[in-house]
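See structure below.
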Amino acid sequence: MTDGAAQSSSCTMPPRRSLFCKYFATLFVAAVVPLILGAAIEASFGYRDQRRQISAVLQADARAASDRIEAFTDGIRDQLGWMVQLPWSAGDDAQHKIDALRLLQQVPAIVSVSLLDETGTERVFVSRLLLNRTGRGIDMSTDPAVQGARGNKVWYGPVQYQRDSEPYMRVAVAGSLPAAGVAIAEVNLKLIWDVIAAIRIGETGYAIVVDDSGHLIAHPDISRVLRGRASSGSFGRIKHLVGAASGAAVITGERGNPVVALSVQAADLGWTVIAMQPTSEAFASIRAALWRSSILIAFGVLIALALAYWRAHRMSGPIKQLEEGVERIRTGQFEHRIKIFSGDEFQQLALRFNEMASELAISQQKSARIERLKQFLPSQVAELVEHSHELLEAQRREVAVIFGDLRGFTAFSTRNEPDVIMAVMRDYYAAVGAVTTRHEATLIGFDGDGVMLLVNAPVACEQPATQAVRLAIDLQMTVQSLAGRWCDAGHAIGFGVGVAMGPATVGTVGYNGRLDYTAMGAVVNLASRLCNLAKDAQILADPTIAGKVRDSVPLASLGQRNIKGYDQALEVFAVAPAMLPLKPPGSAQRGREKEPQDH
Amino acid sequence: MKRREFILLIGGGLVWPAIARAQGGAKLHRIFWVSTQSEPDPFLDGFREGMRALGYVEGRTVTLETHYAPENPQALRKIVSELPRGDVDLVVSSGPATRVMTAITDVPVLFALSGDPVALGVVKSLAHPGTNFTGSTFLSLELAGKRVELLKDLYPKLRKLAVLSNTDHPGEPLEWRATLESCRNLGIDAAYVPFCGAREIENGLMAAGKVNADALLVFPDAVTLVHRARIAELAIAHRLPSMFGWSEYCDAGGLLSYGANQRTTYFRLATYADRILRGEDPSDLPVMRPEKFELAVNLKTARLLGIDLDMSSILFRASKVIS
């Protein structure tokens with residue numbers, strides 16, 4: 001019982017992962033995963049397309065800025081070219097000065113111009129701030145500007161920050177004739193600001209210009225340029241990062257915010273134009289799309305949650321109900337009915353369950369009745385009741401068969417009224433039944449005045465032969481005492497018994513609703529023949545019985561007898577008369593009246 | 001796809017504040033205008049114009065409280081010490097007032113100086129002021145010599161130059177020295193006509209008329225700017241070709257002027273005021289310098305003086321011709 005209790009308690013424990021959870025998770029995942037996957041793929045493709053597009057826009061803007069910057073420097077170069085067209089001759093310094101002053105007027109970015117003759121000596125210097133100079137001045141032939149211009153016609157100097165703030169650059173142009181000398185202009189690069197400030201990429205995108213070493217030359221916010229070299233660190237980093245990328249790169253911008261940036265080299269100058277746009281703006285559309293997707297996903301998740309919960313609940317609810325029902329049935333509440341109206345297989349199952357419960361209830365009632373009944377039944381019967389199935393199965397076994405038969409019954413029945421016959425029969429059957437029950441034998445059936453009993457089948461006993469003989473004796477004595485009463489009433493009726501033992505096939509035969517337990521085999525015929533042979537008050541037994549009961553019941557051999565159906569004569573034994581009550585008078589007469597009967 | 005970038009894109013999002021020019025909230029900004037000049041103040045007008053252009057509405061988003069202490073820096077010092085701490089967002093000082101403002105350390109101060117702010121000690125460097133001061137410098141000193149040269153270009157016969165100067169102006173001695181040196185280089189005698197503040201302007205003008213010079217050079221400064229019409233009149237009356245610092249003088253009848261555009265300068269100062277009001281640190285805002293200089297010529301005055309401009313290079317060099 002402890003085992004069963006443990007088992008039952010383990011069964012009632014809630015399962016670690018309920019069906020509800022499993023269904024819920026599965027349904028939820030099935031709905032949400034494709035949604036998220038779809039959105040992610042959409043977003044990733046959108047991002048790629050957007051990035052390509054931004055790359056193209058930045059490329060175009062950076063290229064435009066670069067072109068304009070080149071136009072700016074080319075303008076300066078060309079204007080300086082005019083200064084060095086004619087060779088120097090004596091006394092034309094004044095004319096050169098006028099030209100230089102015109103140049104300042106033409107190009108606002110030029111702060112000062114130096115015109116050098118072929119020896120590299122300054123002949124004219126005009127400036128917006130400093131006093132102008134004419135005539136032979138300082139020798140600048142070793143100036144890198146002069147050397148650069150002589151070697152390359154055009155020379156662009158490095159960017160320098162005046163007072164570490166304003167960006168300046170020197171540009172030198174040499175004439176095609178060496179005699180024309182060299183013109184050197186000092187250019188205030190703050191004026192490139194106009195070029196750069198005009199560039200707007202989207203709403204907040206912009207372009208900057210840095211030199212080769214990452215020094216800021218132009219920025220829409222001019223104050224950044226005026227910070228001089230100090231700010232070059234961050235712009236050098238940006239230039240490096242953007243330069244390293246093949247197309248547009250997402251980098252951390254100067255303000256620490258992520259930007260999409262792309263750089264273009266300005267030829268000649270070694271400057272880099274970097275066009276950038278904050279990612280917040282550049283990817284605003286994709287971000288909006290992501291938001292929309294997220295909202296959709298959130299919405300989908302909620303719906304999936306609700307649906308999955310509802311579905312899983314619809315699934316697990318009936319199962320729980322069924323489980324509860326089974327539990328109740330287990331505890332014997334057969335009146336419990338499950339109410340499921342889902343219109344699906346669950347309803348069907350509940351229906352079947354309810355049917356099962358009602359049948360179980362009936363069966364339980366029956367079994368209770370049998371239980372109650374068993375208290376009043378002999379143990380064999382009780383066993384038969386409990387194990388009737390196996391016992392009643394057809395099988396071959398050693399059985400003792402007892403046949404009893406009234407003598408002189410035909411004459412009695414022809415002579416008497418039917419109600420008298422019925423009264424006699426009733427007494428006779430009751431007596432046979434009582435004896436059968438007393439000896440725990442099996443009454444196979446009555447056949448008119450004959451009766452057939454079986455020992456050791458279907459319920460087995462320890463000594464079937466002895467029991468059969470004792471039964472036969474008891475039967476003979478009981479019926480003889482009845483016969484005595486019948487005799488007093490004027491009816492001459494006797495009783496003979498035959499007992500045989502041997503193997504027979506026992507089992508139930510019959511058809512639906514009408515089943516009989518019977519035995520088949522030679523031993524049945526033999527017992528019947530012996531019964532026929534027996535005289536009134538005589539019990540005849542076959543050699544098998546005789547052999548088995550020799551020690552307990554005295555038997556007398558009647559010698560060899562020919563028995564119908566047997567080729568050889570068989571030794572027949574009779575139970576010693578000592579074992580039988582005294583024969584009432586007229587018994588011999590009764591015996592003679594017995595008609596031979598075939599079984 | 002580069003995952004990090006993708007995350008960066010999703011997580012990122014800072015707007016460029018300087019470009020997104022949303023109006024600076026509903027806050028009423030309080031700006032102190034401190035000057036040793038007296039009203040009318042052309043600089044204040046220029047600054048106001050700049051602020052208006054940036055979308056500030058006086059009385060609604062900004063209040064300009066003017067504090068003038070004409071020719072009395074001591075009185076200005078008092079104003080500064082009484083400056084209500086905490087609720088003034090910005091102090092703008094022009095001219096000599098800046099010297100007094102050095103006492104202020106907790107309120108951003110914008111200046112417009114003729115001289116060098118580094119030499120004055122209010123900023124550490126032009127690129128990185130590093131203090132609560134920033135603003136613009138007019139490069140007057142460098143231009144002082146240039147003005148003499150231009151005058152000489154226009155009027156080659158120039159031998160004696162009267163220099164009218166307000167000694168109350170900071171950096172005035174340096175400006176005078178630069179002018180004197182330039183005169184020496186160009187072979188000109190300089191007649192120094194100093195006066196101190198608006199009260200003495202009449203004396204200065206009288207003195208300038210008496211030096212018997214060939215031309216008149218007037219240092220740009222608020223006092224001479226206010227009295228520009230009278231000065232121009234005096235110059236014409238004495239048949240003196242005149243040279244000034246800003247084109248406003250020419251508008252009033254001055255012959256020549258060379259210098260940075262005032263409007264541009266004050267507009268930029270207003271830009272800085274806007275940036276500081278938006279929370280930028282003045283110590284990070286580089287001191288601005290003009291990169292464009294106007295040469296203005298008044299043809300009418302030239303005619304009155306009988307000067308033939310065609311003979312000089314001035315006309316094609318002029319960026320502003322008033323006729």
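Among the aspartates and glutamates, select those whose C-alpha is under 19 Å from the C-alpha of residue A:564, and discard any that sit fewer than 8 residues away in the same chain. Within the straight-line cut-off, residue A:564 pairs with A:405, A:542, A:595, A:598.
What is chain A by shape, rounded, prolate or oblate, if you read a ≥ b ≥ c off the alpha carbon gyration tensor as root eigenvalues and call it rounded for a/c under 1.5, prolate for a/b larger than b/c, and oblate otherwise?
The shape class here is prolate.
Shielding by partners for peptide A:103-111, expressed as the average number of C-beta atoms from other protein chains within 10 Å of each residue's C-beta, is 2.
Once you sort the root eigenvalues of the Cα gyration tensor of segment A:482-549 as a ≥ b ≥ c, which label holds: rounded (a/c under 1.5), prolate (a/b larger than b/c) or oblate (the other case)? It is oblate, given that a/c is not under 1.5 and a/b is not larger than b/c. In the context of the full set of protein chains, residues of the protein assembly as shown present 47 Å² of accessible surface per residue (probe radius 1.4 Å, heavy atoms only). By accessible area, using a 1.4 Å probe on protein heavy atoms only, chain B has 53% of its surface on carbon and sulfur. Dipole orientation for segment A:193-282: of the candidates A:234, A:207, A:197, A:234 has the Cα lying most toward the positive pole (charges on Cβ; Lys, Arg +1; Asp, Glu -1). The phi torsions of segment B:224-234, fed into the Karplus equation with coefficients 6.51, -1.76 and 1.60 and a -60° offset, translate into couplings of 5, 5, 4, 9, 4, 5, 5, 5, 4, 4, 4 Hz, rounded to whole numbers, with Gly and Pro shown as x.
Within the shell defined by Cβ-Cβ distances under 13 Å, the residues around residue B:59 carry a net charge of +2, with Lys and Arg each +1 and Asp and Glu each -1.
Taking the 0 to 90 degree range and rounding to the nearest ten, how far is the long axis of helix A:284-330 tilted relative to the main principal axis of chain A, both from C-alpha atoms? So the inclination is approximately 10 degrees.
What is the spin-label model distance, in nm, from residue A:265 to residue A:328 if the labels are put 7 Å beyond Cα along the C-beta direction? Result for the modelled spin labels: 8.8 nm. Going from the isolated chain to the complete set of protein chains, segment B:292-323 loses at least 50 Å² of heavy-atom accessible area (1.4 Å probe) at B:316, B:317. Rounded to the nearest 10 degrees, the angle from helix B:201-210 to the longest Cα principal axis of chain B is 30 degrees. Taking every DSSP bridge with both residues inside the protein assembly as shown, close to 65 percent are antiparallel. Helix A:93-106 and the longest principal axis of the C-alpha atoms of chain A enclose an angle of approximately 30°. For chain B, the share of DSSP beta bridges that are antiparallel, to the nearest 5, is 10%.
Under 5 Å between amide hydrogens, built in the peptide plane, is the criterion, and for residue B:167 it picks out B:195, B:196, B:197 among residues at least 5 positions away or on other chains.
Would you mind telling me the share, in percent, of accessible area of chain A contributed by carbon and sulfur at probe 1.4 angstrom?
Within chain A, the accessible surface is 57 percent carbon and sulfur.
Between chains A and B, what is the buried accessible area in Å², counting both sides, with a 1.4 Å probe and ligands, DNA and RNA left out, to the nearest 100?
About 4000 Å² of accessible surface is lost on pairing.
Fully extending the segment from residue A:213 to residue A:516 would add 97.3 nm, taking 0.36 nm per residue of separation and subtracting the current Cα-Cα distance. For chain A, the dipole from Cβ point charges (+1 on Lys and Arg, -1 on Asp and Glu) about the Cα centre works out to 620 debye, to the nearest 20. Please work out the FRET efficiency for the pair residue B:160 and residue B:308, using the Cβ-Cβ distance as r and a Förster radius of 22 Å; give the result to the nearest 0.05. Between residue B:160 and residue B:308 the formula returns 0.60. Using the Karplus relation 6.51 cos²θ - 1.76 cosθ + 1.60 with θ = phi - 60°, the per-residue 3J(HN,Hα) values for segment B:49-59 come to 4, x, 5, 4, 4, 8, x, 7, 10, 5, x Hz, with x marking Gly and Pro.
Look at the stretch A:274-283: the mean tally of other chain Cβ atoms within 10 Å of its residues' Cβ atoms is 3. The order of B:160, A:153 by accessible area, most exposed first and with a 1.4 Å probe, is A:153, B:160.
Assuming a ≥ b ≥ c are the square roots of the Cα gyration tensor eigenvalues, decide whether segment A:286-365 counts as rounded (a/c under 1.5), prolate (otherwise, with a/b larger than b/c) or oblate.
Details: a/c = 7.93, a/b = 4.36, b/c = 1.82.
In terms of gyration-tensor shape, prolate.
Peptide packing: for A:294-302, B:270-278, A:518-526, the average count of neighbouring Cβ atoms within 10 Å per residue gives the ranking B:270-278, A:518-526, A:294-302, highest mean first.
Peptide A:214-226 has a mean of 3 when you count, residue by residue, the C-beta atoms of other protein chains within 10 Å of its C-beta. Residue-wise HN-Hα couplings along segment B:114-119, as the Karplus relation 6.51 cos²θ - 1.76 cosθ + 1.60 with θ = phi - 60° gives them from phi, are 7, x, 9, x, 5, 5 Hz; Gly and Pro carry x.
The values are calculated or read from the model by the stated rules, or taken from the named source; none is laboratory data. Everything numeric here is computed off the predicted structure, so don't read it as measured data. Methodologically, a virtual Cβ is constructed for each residue, glycine included, from the backbone with ideal geometry; neighbour enumeration extends over all protein chains shown. Each accessible area value is taken on the protein alone, full model and side chains, heavy atoms only, with ligands, DNA and RNA left out. Shrake-Rupley method; radii C 1.70, N 1.55, O 1.52, S 1.80 Å.
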